[in-house]
1. Less than 10 Å Cβ to Cβ from G96, Lys/Arg counted +1 and Asp/Glu -1: what total charge do the surrounding residues give?
2. Which aspartates and glutamates, on any chain, are close to K160 with Cα under 19 Å apart, when same-chain ones fewer than 8 places away are left out?
3. Just subtract the alpha-carbon distance of D132 and R103 from 0.36 nm times their residue separation and send over the number in nm, one decimal.
4. Pulled fully out, how much extra length does the chain show between Q6 and R157, if you take 0.36 nm times their separation in residues and subtract their Cα-Cα distance?
5. What distance in nm separates the two pseudo spin-label positions at A121 and S86, each 7 Å out from Cα along the beta-carbon direction?
6. In a shell of Cβ-Cβ distance under 12 Å around R135, excluding R135 itself, what net charge do Lys and Arg (+1) and Asp and Glu (-1) give?
7. Leaving ligands, DNA and RNA out of it, rank W148, W19 by accessible area with a 1.4 Å probe, largest first.
8. Taking all protein chains in place and a 1.4 Å probe, what share, in percent, of the accessible surface of the chain do carbon and sulfur account for?
Amino acid sequence: MMAQPQQEHRWLQQFVGDWTYEAEATMEPDRPPSKFAGSESVRSLGGLWIVGEGQGEMPGCGAATTVLTLGYDPQKQRYVGTWIGSMMTHLWVYDGALDAAGRVLTLNAEGPHMAAEGKMAQYKDVVEFKSDDHRVLTSHMRGEDGEWHEFMVAHYRRMKSQ
């Protein structure tokens with residue numbers, strides 16, 4: 001059984017390429033945001049999945065490597081994926097959907113609470129393509145008040161061939 005890429009799989013192919021990123025994250029409420037930067041290389045896996053490997057500094061963690069996988073599950077009619085980082089032991093499992101305009105992908109996950117050790121929290125990562133060469137990742141955590149609180153924004157820019 002050979003799966004054939006559908007429109008949703010083709011949408012993911014815009015991630016493919018080499019990127020640099022600059023980000024700001026608020027890790028503690030009473031502290032100014034931390035700035036960090038790095039790079040990411042994203043490849044296609046059979047036209048059905050994308051796999052991205054990132055390298056860069058992480059606030060409070062130093063140099064880190066991250067791996068992102070994203071695909072589309074036609075049976076669930078949902079985008080699915082994972083994210084891991086060399087600075088933590090948690091496997092983030094994504095489940096998400098694309099907005100009606102086809103520009104914004106919202107990925108939901110559960111992960112360790114940033115401020116309460118041993119407690120889990122709900123997160124969402126929102127990816128918006130501003131252009132073919134610029135995408136923005138915004139990360140949010142659901143607070144005790146039930147509201148989403150943005151804690152990180154990263155601007156990814158496609159690296160141009162020299």
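1. Details: positive: R78, K124; negative: D95, D125.
Residues near G96 contribute 0 overall.
2. D18, E22, E40, E53, D132, D133
3. 9.4 nm
4. Full extension of this stretch gives 51.8 nm more.
5. My value for the distance between the label points is 2.6 nm.
6. Numbers: positive: R103, K130, R157, R158; negative: E40, D125, E128, D132, D133.
Computed value for this residue: -1.
7. Working: W148 75, W19 0 Å².
Final ranking, largest accessible area leading: W148, W19.
8. Within the chain, the accessible surface is 51 percent carbon and sulfur.
The values are calculated or read from the model by the stated rules, or taken from the named source; none is laboratory data. As the structure is a prediction and not an experimental result, all values here were calculated from the model. Counting neighbours? That spans all protein chains shown, and the Cβs are built from the backbone with ideal geometry, glycine included. Keep in mind that these areas ignore ligands, DNA and RNA; they rest on the heavy atoms of the full protein, side chains included. Shrake-Rupley method; radii C 1.70, N 1.55, O 1.52, S 1.80 Å.
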